[in-house]
Amino acid sequence: VEHGLREHMLHIATHFSNLVKVSERVGSPAAGEALVRLIPLLRREQRNEVVVELGKGLEMGQYQISKYIPEYLGRAALFLHPSELDEQVLWLKNLLGSPTNIAVSGALNTVGVLLQHYPAYRGRFPEPERAYTRRQELLGLLLQGLAHYREEVRQEALLVTGTMLFDSPVLSMEEKSRLFSLCYRKLLFLIQAGPRQDPLTFFYRASALAHINRFIALRRLDKGPFAFSQPRKIAFFPGTFDPFTLSHKGIAHAIREMGFEVYLAVDEFSWSKKPTHMIRRQIVNLSIAGDFHIHLFPNDIPVNLSNPRDCAACGS
């Protein structure tokens with residue numbers, strides 16, 4: 001193909017895709033690299049066809065095969081037209097809800113690869129505003145993994161966050177700083193939140209924090225302190241949230257669009273509610289993990305709305 005024989009490019013790309021998708025042989029990485037080199041030469045509809053077929057390998061749930069796919073799927077997807085890339089992001093979002101841990105792990109790793117190589121996408125298609133919001137959406141998908149109720153998923157999300165974002169040899173220091181400035185509050189909360197029944201999670205968390213700490217130290221040595229944006233106005237949103245619904249989330253989004261930093265406080269003193277307080281908090285946490293400027297209010301700070309001091313302390 002590189003020497004001019006391009007009449008069978010789609011068949012060759014499909015062959016490389018099948019090698020990555022169904023082969024356990026050592027040659028799969030070589031086929032994946034060849035596929036990424038071939039994708040830019042295909043027509044728009046051909047690129048989408050090959051990427052969709054490659055993505056189906058993640059749904060198979062076979063670790064021996066699916067562990068190779070995210071690296072090449074993420075890089076190939078960044079040659080898609082913006083509307084088709086949005087479809088892939090939506091597909092990854094749905095795959096994160098899969099009951100199969102291997103499929104969710106593949107989706108998280110693909111999101112990590114997309115974030116690693118996303119800066120190169122801005123020069124391929126003219127869409128400055130959408131490119132910024134899509135990066136936020138991808139980062140939000142990764143944060144949803146950190147808030148997941150299954151420990152295996154949270155462990156994989158911690159691994160991707162540490163190694164593929166803040167210890168990435170691909171991302172520049174400036175791009176890492178942008179991502180960190182966007183999600184540092186979420187990271188601070190989500191890395192510590194959630195059940196801690198599996199001792200293995202402790203080591204995943206320690207590894208992720210080590211990578212983040214190393215990035216912070218190098219950033220401060222090279223560029224000086226971080227320049228964080230000024231705090232927004234605070235909105236305190238209490239309720240029983242039994243359960244937390246799309247309507248609650250829509251209200252929180254509307255408040256956020258008015259320029260507020262929204263804190264959701266789950267009412268603990270409601271004995272008539274069937275789900276326990278901690279379960280309701282976990283549902284809220286998972287629902288808003290990928291939404292920036294919307295947070296779960298700390299559980300160890302009691303707030304009485306009839307007490308002016310409490311209201312002033314929480315910023316409402």
Open item on the list: Give me the 1.4 Å probe accessible area per residue for the chain, excluding ligands and nucleic acids, in Å².
Closed with: 52
Task: Rounded D (µm²/s) - the chain, Kirkwood Rh over Cα pairs, Stokes-Einstein at 20 °C, 1.002 mPa s - done: 101
Open item on the list: Run the numbers for ASP86 and GLU49: contour at 0.36 nm per residue of separation, minus the present Cα-Cα distance, in nm.
Closed with: 11.9 nm
TODO: Return the subset of LYS176/LYS223; LYS21/LYS93; LYS93/LYS233; LYS67/LYS223 for which the Cα-Cα distance in this structure is over 24 Å, preserving the input order.
DONE: LYS93/LYS233; LYS67/LYS223
Open item on the list: Could you work out what % of the accessible surface of the chain is carbon and sulfur, using a 1.4 angstrom probe and leaving DNA, RNA and ligands out of the count?
Closed with: 57
- [ ] Express in nm, to one decimal, how much length is gained between ASN94 and ALA30 on full extension, taking 0.36 nm for each residue of separation and deducting their alpha carbon distance.
- [x] 20.1 nm
Task: With DNA, RNA and ligands ignored, accessible area of LEU159 (1.4 Å probe; Å², nearest 10) - done: 70
TODO: Determine the order of ASP291, ASP198 by accessible area, beginning with the largest, at a probe radius of 1.4 Å.
DONE: ASP198, ASP291
Open item on the list: Let me check I've understood the local charge: for ARG75, count other residues with C-beta under 13 angstrom from its C-beta, Lys and Arg +1, Asp and Glu -1. What total comes out?
Closed with: +1
Open item on the list: I want to verify a result. In a Gaussian network model of the chain, Cα cutoff 10 Å, which of these has the top mean-square fluctuation: SER229, SER17, SER172?
Closed with: SER229
Task: Axial C-alpha extent at least 27 Å, average Kyte-Doolittle at least 0.0 - helices from the chain (DSSP) - done: 199-223
TODO: Go ahead and estimate [θ] at 222 nm for the chain from helices alone: -39,500 (n - 2.57) per DSSP H run with n ≥ 4, summed, over the residue count, rounded to 500.
DONE: -18500 deg cm²/dmol
Task: Between segment 35-92 and segment 114-170, the alpha-carbon center distance in angstrom - done: 16
- [ ] Name the shape class, rounded, prolate or oblate, that the alpha-carbon gyration tensor gives for segment 81-225, where a ≥ b ≥ c are the square roots of its eigenvalues, rounded holds for a/c under 1.5, and otherwise prolate holds if a/b is larger than b/c and oblate otherwise.
- [x] oblate
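The values are calculated or read from the model by the stated rules, or taken from the named source; none is laboratory data. Since the structure is predicted, the reported quantities are computational estimates derived from the model, not experimental observations. Backbone-built Cβ (ideal geometry, glycine too); neighbour counts: all protein chains shown. With ligands, DNA and RNA removed, areas are computed over all heavy atoms of the protein, side chains included. Shrake-Rupley method; radii C 1.70, N 1.55, O 1.52, S 1.80 Å.
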